[in-house]
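Asker: Okay, handing you the structure first.
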Amino acid sequence: MAIILILFFLSLAGVIFMIGGKLILLKEGRLVAQESFPIEIPNLQEVKYAVVKGAKKHSYIILVESIRFSIKSSNFLKRMSKKIKDKINGMIRKHILKKEKEIKVREVSGFLKMISDYKHKIRKIKHQIREEEKQNS
């Protein structure tokens, strides 16, 4: 940024130096002012016509490009939002299924199931024996 400012002020100083030199020569009388300009100024109506024609052309181009940009950007946003939704849904499904699997009761192995069945049978037998003893006493 500083380089740009330095270059700007150097070019501004150069322009001031050139114009100042011409003014000094003009005041001293060494330079004669010309009454006619070396550049021919076109008719104002021609300039107006050219400006209007150019403005119409450029406004049409700007309109077409802005419509293209809006359509392309909306399509891009639709695609990206769909991808993001799919990723979020995938993550949600992954975590929900993981929790559901953790919640499900795991099936016990056959050996442990057999041992728990024997424990239940033994408890029933003990309970029956206690009831019989209560009835007999």
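Throughout, read-outs are computed from the coordinates displayed, never taken from laboratory work. This structure is a prediction, so every number in the text was calculated from the model and none was measured. So basically every Cβ, Gly included, is an ideal-geometry build from the backbone, and we count neighbours across all protein chains shown.
Asker: Measure nothing but the geometry: give the 0 to 90° angle between the long axis through the Cα atoms of 44-103 and the longest principal axis through the Cα atoms of the chain, rounded to 10°.
Answerer: Computed tilt is about 10 degrees.
Asker: Using a 10 angstrom Cβ neighbour count of at most 13 plus a DSSP loop assignment to flag exposed GluC sites (Glu not before Pro), which longest range of the chain is free of such sites?
Answerer: 41-106
Asker: Across the stretch 115-129, in residue order, what do the Karplus-derived ³J(HN,Hα) couplings come to in whole Hz, using 6.51 cos²θ - 1.76 cosθ + 1.60 with θ = phi - 60° and x for Gly and Pro?
Answerer: 5, 5, 5, 5, 4, 5, 5, 5, 4, 4, 4, 4, 5, 5, 5
Asker: Right, another one. Would you mind estimating how fast the chain diffuses translationally, via Stokes-Einstein at 10 °C and 1.306 mPa s with the Kirkwood radius over Cα pairs, in µm²/s?
Answerer: The Stokes-Einstein estimate is 58 µm²/s.
Asker: Using Cα springs under 10 Å in a Gaussian network model of the chain, which residue among 82, 22, 53 shows the largest mean-square fluctuation?
Answerer: So, out of 82, 22, 53, the one fluctuating most is 22.
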